[in-house]
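Report on the following structure.
The values are calculated or read from the model by the stated rules, or taken from the named source; none is laboratory data. Since the model is a prediction, treat every value here as computed from it, not as a measurement. Note that we place each Cβ from the backbone using ideal geometry, even for glycine, and neighbour counts take in every protein chain shown. Each accessible area value is taken on the protein alone, full model and side chains, heavy atoms only, with ligands, DNA and RNA left out. Shrake-Rupley method; radii C 1.70, N 1.55, O 1.52, S 1.80 Å.
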Amino acid sequence: MSDDELWRMLHDSGDMPYGAGRTAALEQLLRRADTGDDRHLAFAVRMHATTAYVYGGEPAKSFVTFSWCLAEFDRDPQPYHERYAHQLLWHFKYMVNAMLKFPELPLDRTYAVLDDMQRRYANAGHSLQAVHKHRYLVADHVGDAEAAERWYQEWLTAPRDELSDCAGCDPTTQVAHLAHAGRHDEAAAVAEPVLAGRLTCTEQPQAILTALLLPYLRSGRGDAARDAHREAYRRLRGNLSDLWDIGDHVEFCTLTGNEARAVEIVERHLDWLDRAPTPAAAMHFAAAAAAALRRAAAAGDVTLHRRAAGDRPAGEVSAAALAAELTDTATALAARFDARNGTTHQSEWIARRLAAAPDGEHLPLSASLRRRPSRRPEPPATPAPAATVPAGATADELLDLADERWRTHDRAGFAAALAAYDERFGATGQPPRTAARRLELRAGELTDADGPQAAQEANRAALAAYRELPDPVREQVVAGRLGALLCLTGDGEEGLALARDAADFLAGHGDARERAAAHDRLALALAHLHRWEEALAAADRAAAEADVDPWLAARVALHRAHVLEELERPAEFRAAAELARRLAREVGVGELVTAATLAYARATDDPAERVAACDEALETAPAQARLPVRVFRARALLGADRAAEAVEDFAEAVTLCVEQGADGDAFLRWELANAYRAAGRPAEAAEVAEEAVLGLDRLGAQAEADRCRHLLAGIYVDLGELEPALALLDQLARNLDGPDNLPHRAQVLEEAGGLLYDADRDALAAQRFAEAATAYRLAGAPVDELRARRREADALNWSGDVPAAVRAVGVVDGLAAALTGRPEVPPVVTYEAALAAEVGARVLAADDRPDDGLDRLVGVPARLRSIEAFGEAARVELLGGELLMRAGRPGEAEPRLREVLGGLPPGSRPASQAAWLLARVLDELGRPDEAEAVRAEHGLGDDD
């Protein structure tokens with residue numbers, strides 16, 4: 001491998017995130033550099049490696065690379081050393097920080113490095129501000145409060161310069177110092193201007209947000225503390241080097257009464273203790289984890305999964321046992337530091353952390369659950385008036401009363417009447433007709449918890465009793481109920497026969513109410529079997545006579561609306577839902593009003609009306625219906641572009657789901673994450689989507705989990721977190737490896753390529769586009785394959801690999817020819833073929849063949865304009881002007897560029913590009929005054 005290739009590898013390593021991959025790439029490069037004779041390369045690789053070790057969680061290795069570079073710099077100065085002089089002085093700060101965190105390194109060596117740092121800074125004419133800061137850090141570490149305060153003041157009063165820590169890191173240390181002194185309001189004030197500005201440091205803003213956790217909490221800024229925890233932990237959790245700060249978040253969860261979340265974080269990072277970046281980080285995390293685990297163990301039997309390490313197998317470990325183990329780890333390490341330092345400061349500090357416990361009001365941290373009274377509180381349950389039962393009522397009068405209460409949805413009165421019957425007459429023999437009626441009403445007493453089998457048995461018993469009497473009318477009433485129930489539970493053949501026979505019999509022998517009710521039950525049976533047209537006919541017959549009973553009329557209208565909804569007859573559905581809502585309001589039964597208003601919400605096209613209907617449903621919903629109503633209202637609010645309010649309802653729904661032990665909270669978290677994203681709250685969206693993915697995976701809902709992963713990848717992009725987004729897309733591509741998933745796999749790969757392309761990681765982008773193209777080909781999607789191959793060629797061109805780009809253009813040409821050689825070419829093919837020609841022209845220009853590139857563009861702008869792609873047509877014409885200039889044909893370029901410029905909106909980016917090219921052409925034509933006039937007209941400088 002040539003030196004040029006090795007330098008390219010070094011440059012490319014800078015695009016990799018800090019961590020094991022980047023470190024491995026640099027170590028491989030270092031071995032290759034050391035086998036050659038390029039001293040500059042060997043020096044540069046080690047300088048890069050020092051930073052990579054510090055931020056990749058292996059600072060012990062940085063001692064070796066730093067020492068080598070410093071010795072080389074002093075022993076044999078080279079011209080290239082000067083470009084690294086500033087970075088080498090900066091690395092002194094890394095060394096002092098890291099040396100403090102290894103108890104085996106004598107404190108004298110740290111002081112010696114500090115002295116050398118001070119000498120070199122002074123000799124180079126730099127401020128000693130950073131030196132004073134690091135002397136403060138050493139004094140604070142050993143517990144010398146007087147010296148720490150002195151150096152703290154020296155640091156703050158010294159002038160900042162280019163070797164000072166960044167505008168986020170210096171205030172972070174100030175915040176920590178003030179918080180330790182209990183000056184929490186001052187700490188928060190120091191951070192305000194920092195957080196209001198732009199932070200570009202690798203360690204920010206997560207470091208200052210972590211330092212602010214306690215100041216925010218202790219100064220009554222609970223919401224700010226919660227938000228700081230969420231954002232900072234999300235940024236920290238993927239970086240081994242941040243184990244110390246992760247310990248701070250574990251402690252914060254303990255202090256705020258969020259033991260379950262603390263244990264979750266401990267379990268997630270537990271195996272990091274086996275490869276902790278420093279003993280100090282291990283000590284700190286172990287102490288915070290032990291305190292959290294001890295509280296969790298006291299509350300119940302809690303176990304954690306610990307991954308394998310060395311000779312220790314993977315397995316479950318109790319919170320109590322792990323708390324004891326980590327306590328021993330933390331105290332032993334503290335004793336080692338104190339032995340090195342000659343103080344007891346670290347042991348005293350660790351003892352305080354081991355004793356951490358909630359000491360204030362609980363602060364809910366989950367973005368998934370209710371955290372404050374909702375903007376629209378749940379309506380209080382109105383206690384039902386005590387049901388009165390006549391003292392002297394006979395057995396049949398009590399059953400008449402129960403039947404009336406059942407018919408009118410008065411459940412309390414129904415239960416009271418039956419209770420009175422059982423108390424007064426249950427132990428006495430009753431006439432067969434009375435006993436049969438009691439059996440019939442038994443089905444009404446059953447709840448969902450009793451299950452459908454119990455309801456079937458109760459109805460069969462009543463049916464048998466009425467047959468024995470005989471009472472054919474009541475027999476068919478019960479048969480119709482049983483038939484509808486059987487159709488609901490899967491026995492459609494028997495159930496439909498029972499319901500149909502009952503409706504036919506009662507049509508000739510029942511009164512108007514019995515006839516209407518029988519056809520309503522038949523409609524339900526048919527609806528359960530998805531025989532919607534027949535169900536509508538039965539519902540229409542029921543509706544024709546149901547008005548004799550207002551409660552029955554409301555039920556029939558509601559059932560009929562549901563059937564019309566399934567038949568996708570929107571106008572009729574809307575009218576039926578409006579009728580059901582009116583009838584339900586008239587009888588005033590909460591469950592009917594709730595169901596009818598939700599039906600109306602589904603029927604209306606007006607988002608505001610939909611939300612208003614949901615509001616009414618929520619006011620009337622019984623407790624067991626509030627969860628589905630909340631979910632529907634949340635969806636309605638999201639559809640009405642009121643995402644911030646939808647968040648509240650989805651969070652309430654998740655809370656209700658968890659409180660009720662109902663299935664589906666993972667699906668609701670998925671929807672909540674989407675609502676958070678729509679509301680412009682990506683940090684909460686990420687947290688909730690991550691919870692949803694875990695929950696959906698546990699349920700085995702692979703397709704839904706992958707769709708949520710795709711949402712989460714987009715949220716990471718919103719947050720500017722490219723690496724986790726790419727990791728998720730890669731995982732999705734692996735998951736979508738079946739033949740049925742090829743189009744989705746291709747889309748995911750192409751999306752990943754687009755992210756890499758936008759991040760200027762063009763070589764890797766080209767790989768993803770190539771993989772996407774292969775998947776599109778296997779899926780039989782030739783237009784998509786052309787697009788992906790075109791994007792591959794473009795990315796290869798930008799990566800500098802022009803020969804590979806030229807080969808890719810050849811593949812693109814073949815695909816385009818196959819698609820455009822047909823009798824009729826659809827607009828999408830015209831569009832893609834035109835863009836393929838554009839990319840091909842750019843690649844040929846990069847290959848020093850601008851004339852060949854121009855040949856490719858002949859007729860392309862006209863084809864784009866024919867499909868109204870006017871912006872793309874202008875861009876291609878601009879490219880043509882640029883290629884004419886590069887081909888040494890400025891005279892031909894001028895009129896083309898003037899024509900293009902005249903058709904572009906003034907001040908737009910394309911207009912500026914056209915003006916810039918025209919000015920260059922005029923310069924080449926020897927007309928500098930005209931060129932300058934063009935630049936002045938379009939606000940361009942000579943260097944633009």
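Remark: the D929-A314 segment gains 213.7 nm on full extension, using 0.36 nm per residue and subtracting the alpha carbon distance. If one takes the longest principal axis of the Cα atoms in the chain, at what angle in degrees, from 0 to 90 and to the nearest 10, does the Cα axis of helix 570-587 lie? Helix 570-587 sits at roughly 60 degrees to that axis. Note on the range 621-747: semi-axes of the ellipsoid equivalent to its C-alpha gyration tensor, largest first and rounded to whole Å, are 27, 17, 12.
Note on the range 238-365: along the principal axes its Cα atoms extend 40, 39, 26 Å, ordered by decreasing extent.
With the cut-off at 1.5 for a/c, could you classify the range 1-87 from its C-alpha gyration tensor as rounded, prolate or oblate? Oblate shape, in that a/c is at least 1.5 and b/c is the bigger or equal ratio.
Once backbone amide H atoms are built at 1.01 Å from N, T303 has A319 as its partners under 5 Å, excluding neighbours fewer than 5 places away on the same chain. Along the range 37-54 the Karplus relation, 6.51 cos²θ - 1.76 cosθ + 1.60 evaluated at θ = phi - 60°, assigns HN-Hα couplings of 10, 8, 5, 4, 4, 4, 5, 4, 4, 5, 4, 5, 5, 4, 5, 5, 5, 5 Hz to successive residues, with x for each Gly and Pro.
Size descriptor for the range 117-159, Kirkwood hydrodynamic radius: 10.4 Å (Cα pairs only, one decimal). A straight Cα-to-Cα reach below 16 Å connects K133 with the lysines K93, residues fewer than 8 places away in its own chain not being considered.
Computed over protein heavy atoms with a 1.4 Å probe, the accessible surface of the range 754-886 works out to 44 Å² per residue. Listed peptides 916-928, 355-367 appear in the order 916-928, 355-367 once ranked by packing, highest mean of other Cβ atoms within 10 Å at the front.
Modelled this way, with points 7 Å down the Cα-to-C-beta line, the labels at D301 and E868 are 6.9 nm from one another.
Shape class for the chain: oblate, because the ratio a/c of the largest to smallest gyration tensor axis (alpha-carbon atoms, square roots of eigenvalues) is 1.5 or more and b/c is at least a/b. For the chain, the longest principal axis of the Cα atoms and the long axis of helix 607-620 meet at an angle of about 60 degrees.
Solvent-accessible surface of the range 238-365, averaged per residue with a 1.4 angstrom probe and all protein chains in place: 41 square angstrom. Here the dipole of the range 431-545 is about 340 debye; that uses its Cα centre as origin and unit charges on the Cβ of Lys and Arg (positive) and Asp and Glu (negative). Note on the chain: dipole from Cβ charges, positive end direction compared against A763, P782, T157; the farthest Cα belongs to T157. Among the trypsin sites (Lys or Arg not before Pro) in the range 196-252, those located in a DSSP loop and surrounded by at most 11 other Cβ atoms within 10 Å of their own Cβ are R198.
Normalised by the number of residues in the range 306-367, what is the relative contact order in percent for Cα pairs under 8 Å and 6+ residues apart? Once normalised by length, the contact order is 18 percent. For the chain, the residue among A287, G14, A596 whose Cα projects farthest onto the positive side of the dipole built from Cβ charges is A287. Let me make sure I get this right: for the range 754-886, a, b and c are the square roots of the gyration tensor eigenvalues over alpha carbons, sorted descending. Under 1.5 in a/c it's rounded, otherwise prolate if a/b > b/c, else oblate. Which is it? Note, shape of the range 754-886 comes out oblate. Which one, F667, L719, V563, is farthest towards the positive end of the dipole of the chain when Lys and Arg carry +1 and Asp and Glu -1 on their Cβ? Towards the positive end, the residue furthest out is F667.
Counting charges near R306 (Lys, Arg +1; Asp, Glu -1) among other residues having Cβ under 15 Å from its Cβ returns a value of -3. Only Lys, Arg, Asp and Glu carry charge here, each on its Cβ (+1 for the first two, -1 for the last two); on that basis the chain has a dipole of about 1020 debye about its Cα centre.
For the pair Q78 and D848, a Förster radius of 45 Å applied to the C-beta separation gives a FRET efficiency near 0.80, rounded to the nearest 0.05. The dipole here belongs to the range 238-365: it is taken about the Cα centre, uses +1 on the Cβ of Lys and Arg and -1 on the Cβ of Asp and Glu, and is about 240 debye. Taken over the range 431-545, the percentage of Cα pairs per 10 Å bin, counting from 0 up to the bin with the maximum distance, is 16, 45, 33, 5, 0.
Per residue, the convex hull spanned by the Cα atoms of the range 6-158 measures out at 125 cubic angstrom. Between the Cα long axis of helix 682-699 and the first principal axis of the chain there is an angle of about 60°, rounded to the nearest 10.
Taking a sphere under 10 Å around the Cβ of F632 and counting the other residues whose Cβ falls inside, with K and R at +1 and D and E at -1, yields a net charge of +4. Kirkwood Rh over alpha-carbon pairs of the range 538-683, then Stokes-Einstein at 10 °C and 1.306 mPa s: what D in µm² s⁻¹, rounded to an integer? Result for D is 100 µm²/s. Taking Lys and Arg as +1 and Asp and Glu as -1, the other residues whose beta-carbon sits under 13 Å from that of E203 total -2.
Using Cα-Cα distances under 8 Å and only pairs 6 or more residues apart, what relative contact order does the range 431-545 have, in percent? Once normalised by length, the contact order is 19 percent. Listed values for the range 751-761 are Karplus-derived 3J(HN,Hα) couplings in whole Hz (6.51 cos²θ - 1.76 cosθ + 1.60, θ = phi - 60°), namely 4, 4, x, x, 5, 5, 4, 5, 8, 6, 9, and x replaces Gly and Pro.
The percentage of C-alpha pairs in the range 549-603 whose separation is greater than 19 Å is 15%. One Cα centroid belongs to the range 778-810, the other to the range 830-884; the line between them spans 16 Å.
For the chain, the mean residue ellipticity at 222 nm estimated from helices alone is -24000 deg cm²/dmol, where every DSSP H run of n ≥ 4 contributes -39500 (n - 2.57) and the total is divided by all residues, rounded to the nearest 500. Where the accessible area of the chain is counted over protein heavy atoms with a 1.4 Å probe, how much of it, in %, is carbon and sulfur? Taking all protein chains in place, the chain shows 52 percent carbon and sulfur surface.
Relative contact order of the range 754-886: 18 percent, from C-alpha pairs under 8 Å at least 6 residues apart in sequence.
Taking all protein chains into account, the per residue accessible area for the range 481-620 stands at 42 Å² (1.4 Å probe).
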